[in-house]
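See structure below.
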Amino acid sequence: MKRVELYVNSTKQKAIMLSNQIQEELLKSGYEIVREAPDIIIGFGGDGTLLNLLRERTYSLGAKYIGINCGTLGFMQDFEVTDIHQFVQDIPNYIQQKINLISLEAINGKEKKVFNALNDFNIQNKNNKTFRAKVEISNEFLEDYIGTGIIFSTPTGSTAHNLSAGGSVIFPEIEVIQITPREAIANREMHCLPKSICIPRNLTVSLSPNNEEEIEILSDADTVYTGKYERINIYKSNLSLTKLTDKNSSFVKKIREKLI
């Protein structure tokens, strides 16, 4: 794996400076810096850097990813590089971590649009009104949801918008889709799940409209669809991301240092 692409958040001075230093060390160590067909992509920035990269490449990288945190939280950027020489020398020893994505298809008449997400899909009313939908899991009725919206997150995305909405933190190794209601209404006449629920990733969650309102769908906080729909299906994607990370990397440590 000698062909390396450097993907730099040019708005962060630290990212620019560190990428220049690492590029110099990579060249000394026999690596080739490329723009096309890399074996490894090294991302310099915060979590948004990885998400921007995935959007640009339509969520299909075709290369292994190493994230260097040059932002604030950096939950998905595994490395805090202090020894540049050691970081480059250790690249062949980093372990692979496969991260599965989720997909969403929005069906309206004969039109079907498919989107992918690393973190989550957030579905809400387009005009900031109450969002209503019939929710099914593998074609079995679950509830008539009414509230602000619903978040469908991966374990990776469990620490993002899902957490702010009251969802649970999920270890990356646990293969689930988490469904988190945002401000679900619960009273004598309306009965919605007030808390998140985790389902196996081999199941499909489906929504169908309970009114004629237009909706908005956000993939990893980016609006990808607005309008009416007849059915929405959320399921495990056939796309995945392969990260290279240090064998000593600890998810518990990340939670402790970045969330508590």
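The values are calculated or read from the model by the stated rules, or taken from the named source; none is laboratory data. Since the structure is predicted, the reported quantities are computational estimates derived from the model, not experimental observations. As a convention, Cβ positions derive from the backbone with ideal geometry for all residues, glycine included, and neighbour counts pool all protein chains shown. Areas reflect the complete protein model, heavy atoms only, side chains present, ligands, DNA and RNA absent. Shrake-Rupley method; radii C 1.70, N 1.55, O 1.52, S 1.80 Å.
Worth a mention:
- Overall form of segment 153-260 per C-alpha gyration tensor (a/c, 1.5; a/b vs b/c): prolate
- Highest-first arrangement of 205-213, 189-197, where packing means the average Cβ count within 10 Å: 205-213, 189-197
- Segment 12-164: translational diffusion in µm²/s, Stokes-Einstein, Kirkwood Rh over Cα pairs, 10 °C, 1.306 mPa s: 87
- Which listed pairs, of Lys64/Lys110; Lys28/Lys253; Lys134/Lys236; Lys134/Lys258; Lys12/Lys236; Lys110/Lys195, have C-alpha distances above 30 Å, in listed order: Lys64/Lys110; Lys28/Lys253; Lys134/Lys258; Lys12/Lys236; Lys110/Lys195
- The order of Lys243, Lys112 by accessible area, most exposed first and with a 1.4 Å probe, is Lys112, Lys243.
- Mean sequence separation of contacting Cα pairs (under 8 Å, at least six apart), scaled by the length of the chain, corresponds to a relative contact order of 20 percent.
- Taking the Cα atoms of the chain, the ratio Rg/Rh between the radius of gyration and the Kirkwood radius comes to 1.02.
- FRET efficiency, 1/(1 + (r/R0)^6) with R0 25 Å, evaluated for Lys258 and Ala37 via beta carbons: 0.15
- Using a probe of 1.4 Å on the protein chains alone, the accessible area found for Lys98 is around 140 Å².
- Percent of Cα pairs exceeding the 19 Å cut-off, where the set is segment 124-209: 38
- Top of Ile91, Ile151, Ile42 by mean-square fluctuation, Gaussian network on the chain, Cα under 10 Å: Ile91
- The gain in end-to-end length when the Thr130 to Glu175 segment is fully stretched comes to 13.1 nm, 0.36 nm per residue minus the alpha carbon separation.
- When the GluC sites (Glu not before Pro) in segment 78-159 are filtered for DSSP coil states and for at most 14 other beta-carbon atoms within 10 Å of their beta-carbon, the remaining sites are Glu80.
- Shown here for segment 214-253: chymotrypsin sites (Phe, Trp or Tyr not before Pro) in loop regions (DSSP other than H, G, I, E, B) with at most 10 other Cβ atoms within 10 Å, of which there are none.
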